[in-house]
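J.: Mind looking over this structure? Questions follow.
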Amino acid sequence: MALQSFRKVRRSLLALVIALPALYAVVAGLAIMRDYRSTIEQAESDMRNIATTLSEHAMRTFGEADIRLRAAITEIERLRLEPVPNDQLALHNILADAMKDAPQVAAIGVIAPDGISRGSGSVYPIAPFDNRDREYYSYLTTHHGSGTHIARPIKARSNGKWGIPLARRIDNPDGSLKMIVEIAVDMSYFDRIYRSLNLGEGSRLTLMRRDGWVIMATPMTPDALQLNLANSPVLARLTRANSGAFRNEDSVVDHRDRIIGYATVPESQVVAVATITSNQVLEPWLKRSGETATVAAVSSLLLLGLLSVLWIRLGELEETQAGLARRNEELDSARRRFQELVDGIDGIVWEALLPDFRFTYVSGNAKAISGYDAQEWMGDPHFWNNKLCCGADGKRVEPVLVVGSRGLFKPIEHRLQAPDGRELWLRSNVMVADSMGQLHVRGITVDITRQKRSEAQLFQAIHVDALTTLPNRHAFVESVGHALALAERNKTIVAIALIDVDNFNTLNDSLGHEAGDEMLVGIAERLHECLGPTDTLARMGGDEFAILIEDVDRVALKVEQLAERINAAFQRRIPADARELYVTVSMGIALYPQDGADYQALVRNADTALYRTKAAGRNNWQFFNSSMARLVEHRLDMETALRQALDKEEFRLVYQPQYSLQTDSIIGAEALLRWDRPGVGLIPTQEFIRVAEDSGLIVALGNWVLRTACCQAAAWHRVGFRVRIAVNVSVTQLRQADFVERVRDELAHSGLPPHCLELEITEGALISDIVEALDKLHEIKAMGVELAVDDFGTGYSSLSYLKQMPVDRLKVDQSFVRDIPSNSDDCAIVRAILAMASNLNLEVIAEGVESEPQMEFLRGEGCQEIQGFLLSPAVSADNFLKRFFGAGRGRAVKWREKLGGRP
């Protein structure tokens, strides 16, 4: 009986010898396959995240370079510079300033329409390099209105640096190419950042355009920039999603098996691609698989050894106590070897009982990784709850979350406070097993602190403004999105306030950029002091800030109180550059949902309110309302119609006669502009002239008036009607670099004698830049053209400037003529102007004369010429000729003779 029982035990042992290793191999195999899939999925996620970060970094880098490019273009256009040798120094200064404090900029230059370099921010003077072989030159010369073009990398001829060019074209008023301005982003700037990621030898980080051309690659190979990946799977997948990741077993670059992540944004020309070889990704998996297989093999061998020992022990019951001791020692040695093997794994191997999660086994390397030794893990029944339950989001990771099913679970992240005060991040890969009716949880815990710190640094770079440490535009957009979603669900009101520092550019230019940055930090601190506990302040860029206010009351009292606090806060001076300065801010406010349903609408309307605040005098705030939108729409409509009016020939000139009190004859005509807009009617001159000046259309409009008036006067001369033609000149026209040449060309084109053209210039145009204005006026006067100061007495009226100007006559504004001779003050002003003009040997013409007493007063005081409704309103060219030119006499007739002695 005993023998049969003994044999049954031995047969059971034989079954265990076969079953246990097989079961262990199956479990290990399943774990290895799950680890394989998890490794590939994690690699795809990592590549997608890295590509997204690279895309955002590229957008930010190219965006900053484009801002500098557009700022340089604005300054070039403001100074009316040309791509000629005479302007090379001025171009160099502007371009050098655009490169200042920009480590990412390799070069910046100006290229003339013929492709020759005419300006550089790095070198002065610059050799006239031929750029017609550059891609951006070929592209921009054939594409009008294309905005910023990101070209293939080039080596700058001015300083030898490799860069990625961003180029824009500047057009002449007629639409022809005036110049190309390009700024090159230093490729080494990208390379340093990409190499710092240290993703391994098998990784490749690439920037390419949407047409497939590679513009940046790390590592950089000799033929990398010659690659065109237009047929790569990445571009095909971009049609379905702006970011993603996939595995490609035959890479188009090196035909290797790679994990590829890609990302871009719809408005970007650039696609970021991050790849890594599958071999590199799977290398840790292979190591872990080998370790798992080794553990499985060793465990199986140990189990087999144990079973063999039991087998032998059952067959050798007659052996002595010494034999038993020897075999026990062998078992202890085997257990020690097993423990040493487990302790050598780069992770804490543990087992715990459920449901109380009490540790029953912890490997000996626990202290080296977590700071707590294995006995502390197992000795404290609440070690999981007290030490390991704080997850990545700060919430507790309760043991119940892993109970209820079997197998491998999603990894759990822990935030652990080590005994020495260090903050550690651990990740546990866990599985639940049922052993003889008792639930166990088993896991391997590894240290991921370094990885978490890298993720935090990336988050900081993407979401935080480096100067003020405030949230940046990207973070603000995310915050507004969350707030609007919450407000929609809770039916609450949200406000966005855009804040702009008044006249900050003037302050920045006068104190310097370092002091300007210090001032921005102080402004950010002052704004932050005014916030409520739920308000969010962000720096949008430059001197623009934004505040998100949540849970706003129906009458927006909370927002008004915040605006009042901000205005009050800036009544105190802000220290900067060892001094204290007063700063004011202007604010525009928009409310959700009444002023917009999304971020773009709210910011656009808040910006409209900010614009109205500035127009109303700054240092205040305004809420957006629908009337603001209507004003913006009206102005946009007016500007759009103006741009088309010249092409559609909707403008016309009318002429008002100028009369000599000395010869009693018509001696001139002032050309006045009229716009009869189809479907609207006659537009008041001041209304559309103001829009033309603000939009820059005044130059083209003024040139048309000058050309048309000269041609009309020349036509009158050809039939014998020789009168002077007066043309008004705007401030913007006078500031044009080619204004003098424009006058000379129009005289030559029309054939009008120069002395028959009079240019009327307001005092404001003369005083705004007296040195430049004097030079141009002397050149014009040297041609023989006559000059008049228009609306004299209503502007600066500075005698010190007036005596330097080569003018022929003063034009007394009608506001002084209207009430003479009954108003003694106006009479005194007119007498003073006439006396001053006499002393300066200048003639005087009075405008707005509407009655005989006004004319006789002016005649008696010595005024030479008059103009006004007493003579005639402005009439068309044909009516002017019929009314004021005597048929067959070959000259202008006397006004009294023509009209029978009376007007």
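J.: Could you tally the net charge around Ile260, taking each other residue with its Cβ under 10 Å from the Cβ of Ile260, Lys/Arg +1 and Asp/Glu -1? Intermediate results must be reported in sequence, preceding the final value.
T.: Working: positive: Arg48, Arg204, Arg237, Arg247, Arg258; negative: Glu44.
Charge balance in the 10 Å sphere: +4.
J.: Return an integer: the convex hull volume of the alpha-carbon atoms of segment 590-748, in Å³ per residue. Write down the numbers at each step before the final one.
T.: Working: hull volume 28.9 nm³, N = 159.
It is 182 Å³ per residue.
J.: How far apart, in nm, are the 7 Å Cα→Cβ label points at Leu581 and Leu23?
T.: Computed distance between label sites Leu581 and Leu23 equals 7.9 nm.
J.: Let me ask you something else. Quick one: helix 278-315 against the long Cα principal axis of the chain, what's the angle to the nearest 10°, folded into 0 to 90?
T.: Once rounded, one gets 10 degrees.
J.: Then there's this: Please arrange Arg152, Arg204 by counting, for each residue, the other beta carbons lying within 10 Å of its beta carbon, fewest first.
T.: Ranking Arg152, Arg204 by Cβ neighbours within 10 Å, fewest first, gives Arg152, Arg204.
J.: Right, something else. I need Trp621, Trp704 ordered by Cβ neighbour count within 10 Å, fewest first. Spell out each step's value before the answer.
T.: Values: Trp621 22, Trp704 15.
Sorted ascending by nearby Cβ count, the order is Trp704, Trp621.
J.: List residues of segment 268-305, by number, whose backbone nitrogen lies under 20 Å from a label position 7 Å along Cα→C-beta of Ile193.
T.: 268-276
J.: Given charges of +1 on the Cβ of Lys and Arg and -1 on the Cβ of Asp and Glu, with all other atoms neutral, how large is the dipole of the chain about its Cα centre, in debye to the nearest 20?
T.: Working: 101 positive and 118 negative charges, 484 e Å.
Around 2320 debye, computed over the chain.
J.: Same structure again: If you wrap segment 637-898's Cα atoms in a convex hull and average its projection over all directions, what's the area in nm²?
T.: Values: hull surface 56.6 nm².
Computing the convex hull of the Cα atoms and averaging its projections yields 14.2 nm².
J.: Set Lys and Arg Cβ to +1 and Asp and Glu Cβ to -1, take the dipole of the chain about its Cα centre, and tell me which of Pro173, Pro113, Ala877 lies farthest positive.
T.: Result: Pro113, furthest along the dipole toward the positive end.
J.: 5 Å is the cut-off here: which amide hydrogens, built 1.01 Å from N in the peptide plane, fall below it relative to Glu861, excluding neighbours closer than 5 in sequence?
T.: Answer set, sorted by chain and number: none.
J.: With label points built 7 Å along Cα→Cβ from the Cα atoms of Asp517 and His482, find their separation and express it in nm.
T.: Going from the Asp517 label point to the His482 one covers 2.9 nm.
J.: Another question about this same structure. Got a sec? How would Leu777, Leu840 order by Cβ neighbour count within 10 Å, fewest to most? Don't jump to the answer; show the numbers that get you there.
T.: Numbers: Leu777 21, Leu840 13.
The most exposed by this proxy come first: Leu840, Leu777.
J.: For segment 779-883, what does the alpha-carbon gyration tensor say about shape, rounded, prolate or oblate, given a ≥ b ≥ c as the root eigenvalues, a/c under 1.5 as rounded, and a/b over b/c as prolate? Mind showing how you got there, number by number?
T.: Values: a/c = 2.09, a/b = 1.10, b/c = 1.90.
The shape class here is oblate.
J.: Quick one: what does P(r) look like for segment 176-285 with 10 Å bins over all Cα pairs, in whole %?
T.: 13, 44, 31, 9, 3, 1, 0
J.: Report the paramagnetic label zone for Thr449: residues of segment 364-388 whose backbone N is under 15 Å from a point 7 Å from Cα along the Cα-to-Cβ axis.
T.: 366-373
J.: Which stretch or stretches of segment 736-752 have amide N atoms under 13 Å from the point lying 7 Å from Glu779's Cα along the Cα→Cβ direction?
T.: Answer for this model: 736-745.
J.: Report D for the chain in µm² per second (integer): Stokes-Einstein, Kirkwood Rh on Cα pairs, 20 °C, 1.002 mPa s.
T.: The Stokes-Einstein estimate is 60 µm²/s.
Read the figures in this text as sums done on the coordinates, not as results from a lab. This one's a predicted model, so the numbers in the text were calculated from it and none came from an experiment. Cβ sites come from the backbone with ideal geometry, for glycine too, and all protein chains shown count toward neighbours.
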